[in-house]
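Engineer: Please see the structure below; I have some questions.
The values are calculated or read from the model by the stated rules, or taken from the named source; none is laboratory data. Computed from a prediction, not measured in an experiment: that's the story for all the values here. Cβ coordinates were reconstructed from backbone atoms using ideal geometry, including for glycine residues, and neighbour counts include every protein chain displayed.
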Amino acid sequence: MGGTTLKYGGLKLIFLLFAVFALLPVLYTYLTALNGFESPGVLFSYQSFVLLFKSLIISFFVASLSTFFGIIFGFFLYKTQIKYALFFKVGFLLPLLISPYILAVSWSDTVFLLRGTGEPVSPVVLTVLVLTFIYTPLSVLIVGNAFSNIDTSLEESGLLMTSPYKVVFKIVLPLVKPAILASFILVFIFSVSEYSVPSYYGVKVITTEIFTRFSAFYNHSDAIMQSSVLLVVSVLLLVAEGKYLSDAPFLSVGSKGDVRKRYYFDKIKRVALTFITFWFLLTVVIPLIILIFQSLKNGMPDLWKAVELLRNTVITSLEVSFAGALLIFVTGFAAAYYVVYAKGGKRIKKLFNVTMLFLFALPSTVLGISFIVFYNRPVFDLIYSGMAIVVIGYWAKFSFISFKILENSMKQIPVSFDEAAIIEGVPAYKRIFNILTPLILPAVFAAFIFAFIFSFGELGTTITVHPPGTGLLPVKVFTVMANASQSLTSSMVLLEFSVSLILVVVLYLFYVILSEKYGNIRNKP
């Protein structure tokens, strides 16, 4: 990094704290579970193989479909002059910014309304469809930004020799192959770790079985050891991470500039716009309308009852989610800054990256069980008996996302900016707050809002570790709706969706205010 004088000692301290509070509980739990494991038949039973196969097949289809649609939508929204592209870029993100079980409930209402009392749709099919609707926006974001960062000169050279269609298939798509693979791996990790959607639809997969063994039978060892099959999958993903995720420019917010090659496919542009509009209606508008209809079909009593049930949990959930998002963001920002700007420390940088991905790849229920096993002792009573254990759970689960968003954005800033400031004697904190942060403000906004929304809607970790007698919005909704009427369930989910949407709008308005203050921001998200 040229003339930078930043040393990586600070990175060691951050990694040490992260390893002690987030990684150590997982390692300790696996070791103790292995030591006290007395039911090896659990790992090699027919049921375990069926659950593993079902989990992997569902995740494979979700990752494949999400990445396929992500390539199509990403290309047309980021590389063509399609109408209303900015609107769809923002609108497509909505399913990603709300809790998965909210969409599960809304699509359950949709199917019920469309089919009435007829034969229900397969729960497995519904699970695949809902997870595809949720994670396609993530793929669009990853692949779309990869399209934006292609060297224009390569495309221009190809257009001098052949048609635009051949340039797209022979040059553009091969160039974004790392982002396509990164999208597939990331969506696969999300979907194989998902608990709430298959649980709501009654689909038995590894994550639901792990939670059942822990909550119903209180069998730590069996639950943890049965999750070891997913741990093997996570290790395999770590191997792929070394090649495709560590250095791939995915999860970039903003691009290297506004100079990018646009394609004019007049013959298919109208078809593409129609398909994109249909997808937006299918994944955002129709479920929301039906959710509202189901909530109000019996009048206002169920809606007011939902307000009464949830009002005491909203503030607590906001506080816990904000604390988790702040910790995630600070860790991601500090780690990204040291990784990009500090000299040396290649091994510790790689280890930190792998550790964050490892914890992100673990199923939320496994992460929660590990924290309960480790922190359930007098010396950690302050953590175990309060909301700190929930915050640490969010910190462990989502730091990787924040880190990658900020790291890839920082890599786009010329190092000469930092070097010039060092020569002028500008202190490190001023370089960070007055130079670097304004330049990567879209990424700063995205990293925080993703951390906040993911924490606010996280169910697997929260329902496992939250202290008894406490009220958190996702847990309250998920537990009450098991015995609630369809109208009351829809009302509660609608309220949670409304809170999530208001949060996104408020954070975006805050971002706009900061954008106006720092006029040197290069790109909008």
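Engineer: Exactly one condition in (1) in contact (Cβ under 8 Å) with a residue 12 or more places away in the chain; (2) out of contact with any helix residue (DSSP H, G or I) (no Cβ under 7 Å at 6 or more places or on another chain); (3) of a type in the set (D, E, K, R) is false for LYS476; which is it?
Structural biologist: Tallying (1) in contact (Cβ under 8 Å) with a residue 12 or more places away in the chain; (2) out of contact with any helix residue (DSSP H, G or I) (no Cβ under 7 Å at 6 or more places or on another chain); (3) of a type in the set (D, E, K, R), LYS476 fails exactly one: (2).
Engineer: So in the range 482-508, with the set limited to residues that are assigned to a helix (DSSP H, G or I) and of a type in the set (Ser, Thr, Tyr), which one is nearest to PHE322 (Cα to Cα)?
Structural biologist: SER500
Engineer: I'd like to check something: does the range 166-174 contain any residue that is over 15 Å from the mean Cα position of the chain (by Cα), part of a helix (DSSP H, G or I) and within 30 Å of TYR101 (Cβ to Cβ)?
Structural biologist: No, the range 166-174 has no match at all.
Engineer: Next question, about the same structure. For the range 382-405, check the following and say yes or no: at least one residue is among the charged types (D, E, K, R) and modelled with pLDDT under 80.
Structural biologist: no
Engineer: Continuing with the same structure: Report the residue count in the range 359-398 for those that are touching a Ser or Thr at 6+ places or on another chain (Cβ under 9 Å), in a helix (DSSP H, G or I) and surrounded by 20 or more Cβ atoms within 10 Å (Cβ to Cβ).
Structural biologist: Count: 21.
Engineer: Then there is this: Under the condition of being aromatic (Phe, Trp, Tyr) and farther than 26 Å from PHE400 by Cα, which residue from the range 283-337 is modelled with the lowest pLDDT?
Structural biologist: My answer is PHE293.
Engineer: While we're looking at this one, here's another question. For the range 354-378, what are the residues that are closer than 16 Å to PHE21 by Cβ and touching a Lys or Arg at 6+ places or on another chain (Cβ under 9 Å)?
Structural biologist: Passing the criteria: MET356, LEU359, PHE360, LEU362, LEU367.
Engineer: Out of all the residues in the range 356-372, is one or more modelled with pLDDT under 85, within 22 Å of GLY460 (Cα to Cα) and among the hydroxyl-bearing types (Ser, Thr, Tyr)?
Structural biologist: Yes, the conditions are met somewhere in the range 356-372.
Engineer: Given the options ILE405, ILE413, name the one that is among the hydrophobic types (A, V, I, L, M, F, W, C), under 20 Å from the mean Cα position of the chain (by Cα) and within 19 Å of PHE448 (Cβ to Cβ).
Structural biologist: Matching residue, one of ILE405, ILE413: ILE405.
Engineer: Looking at (1) surrounded by 16 or more Cβ atoms within 10 Å (Cβ to Cβ); (2) out of contact with any Gly (no Cβ under 6 Å at 6 or more places or on another chain), find the lone condition where ASN434 falls short.
Structural biologist: The one condition ASN434 does not meet is (1).
Engineer: Hey, can you tell me all the residues within the range 427-439 that are touching an Asp or Glu at 6+ places or on another chain (Cβ under 9 Å) and either touching a residue at least 24 places away in the same chain (Cβ under 8 Å) or not in a helix (DSSP H, G or I) (or both)?
Structural biologist: Of everything in the range 427-439, just one residue is touching an Asp or Glu at 6+ places or on another chain (Cβ under 9 Å) and either touching a residue at least 24 places away in the same chain (Cβ under 8 Å) or not in a helix (DSSP H, G or I) (or both), namely LEU436.
Engineer: What's the number of the condition TYR201 fails, among (1) over 23 Å from PHE400 (Cβ atoms); (2) at pLDDT below 70; (3) not charged (D, E, K, R)?
Structural biologist: Answer for TYR201: the failing condition is (2).
Engineer: Shifting gears a bit: What is the one condition in (1) among the polar types (S, T, N, Q); (2) part of a loop (DSSP other than H, G, I, E, B); (3) surrounded by 15 or more Cβ atoms within 10 Å (Cβ to Cβ) that THR162 does not satisfy?
Structural biologist: With (1) among the polar types (S, T, N, Q); (2) part of a loop (DSSP other than H, G, I, E, B); (3) surrounded by 15 or more Cβ atoms within 10 Å (Cβ to Cβ) applied to THR162, the lone miss is (3).
Engineer: State the number of residues belonging to the range 121-157 that are farther than 18 Å from ILE71 by Cβ, touching a helix residue (DSSP H, G or I) at 6+ places or on another chain (Cβ under 8 Å) and modelled with pLDDT of 75 or more.
Structural biologist: The qualifying residues number 7.
Engineer: Condition first: part of a helix (DSSP H, G or I), of a type in the set (A, V, I, L, M) and at pLDDT below 85. Now tell me which residues in the range 44-90 satisfy that.
Structural biologist: Within the range 44-90, VAL50, LEU51, LEU52, ALA85, LEU86, VAL90 qualify.
Engineer: Next question, about the same structure. Pick from ILE413, ILE401, ILE383: which is free of Cβ contacts under 8 Å to residues at least 40 places away in the same chain and closer than 23 Å to ASN145 by Cα?
Structural biologist: ILE413
Engineer: Could you look through the range 440-481, keep only residues that are among the β-branched types (Val, Ile, Thr) and not in a helix (DSSP H, G or I), and pick out the one that is farthest from ALA396 (Cα to Cα)?
Structural biologist: ILE440
Engineer: Quick check: is even one residue across the range 493-504 over 29 Å from PHE400 (Cβ atoms), touching a helix residue (DSSP H, G or I) at 6+ places or on another chain (Cβ under 6 Å) and not β-branched (Val, Ile, Thr)?
Structural biologist: Yes - at least one qualifying residue is present in the range 493-504.
Engineer: Sort out which residues of the range 461-501 are more than 20 Å from THR212 (Cα to Cα) and polar (S, T, N, Q), and write them in order of number.
Structural biologist: THR470, SER485, GLN486, SER487, THR489, SER490, SER491, SER498, SER500
Engineer: I would also like to ask the following. Given VAL140, VAL111, VAL90, which one is β-branched (Val, Ile, Thr) and touching a Phe, Trp or Tyr at 6+ places or on another chain (Cβ under 8 Å)?
Structural biologist: VAL140
Engineer: Now a separate question. Is it true that GLY324 is within 27 Å of ILE210 (Cα to Cα), crowded, with 19+ Cβ neighbours inside 10 Å and within 18 Å of the chain's Cα centre (by Cα)?
Structural biologist: Judged against the criteria, GLY324 is a match.
Engineer: Here is a further query. Of (1) among the β-branched types (Val, Ile, Thr); (2) in contact with a Leu (Cβ under 9 Å, 6 or more places away or on another chain); (3) touching a residue at least 12 places away in the same chain (Cβ under 8 Å), VAL121 satisfies all except one. Which?
Structural biologist: (3)
Engineer: If PRO174 meets every condition in (1) closer than 30 Å to ILE369 by Cβ; (2) at pLDDT below 85; (3) surrounded by fewer than 18 Cβ atoms within 10 Å (Cβ to Cβ); (4) not hydrophobic (A, V, I, L, M, F, W, C) apart from one, which number is that one?
Structural biologist: Among (1) closer than 30 Å to ILE369 by Cβ; (2) at pLDDT below 85; (3) surrounded by fewer than 18 Cβ atoms within 10 Å (Cβ to Cβ); (4) not hydrophobic (A, V, I, L, M, F, W, C), PRO174 violates only (1).
Engineer: For residues that are under 12 Å from ALA451 (Cα atoms) and free of Cβ contacts under 8 Å to residues at least 24 places away in the same chain, tally how many sit in the range 327-348.
Structural biologist: Qualifying residue count, the range 327-348: 1.
Engineer: Turning to a different aspect of this structure: Of all residues in the range 327-354 being farther than 26 Å from GLU458 by Cα and of a type in the set (Phe, Trp, Tyr), which is surrounded by the most Cβ atoms within 10 Å (Cβ to Cβ)?
Structural biologist: Filtering the range 327-354 for residues that are farther than 26 Å from GLU458 by Cα and of a type in the set (Phe, Trp, Tyr), the one surrounded by the most Cβ atoms within 10 Å (Cβ to Cβ) comes out as TYR338.
Engineer: So how many residues does the range 318-369 have that are among the hydroxyl-bearing types (Ser, Thr, Tyr) and either in contact with a Cys (Cβ under 8 Å, 6 or more places away or on another chain) or within 30 Å of VAL506 (Cα to Cα) (or both)?
Structural biologist: So the count comes out to 4.
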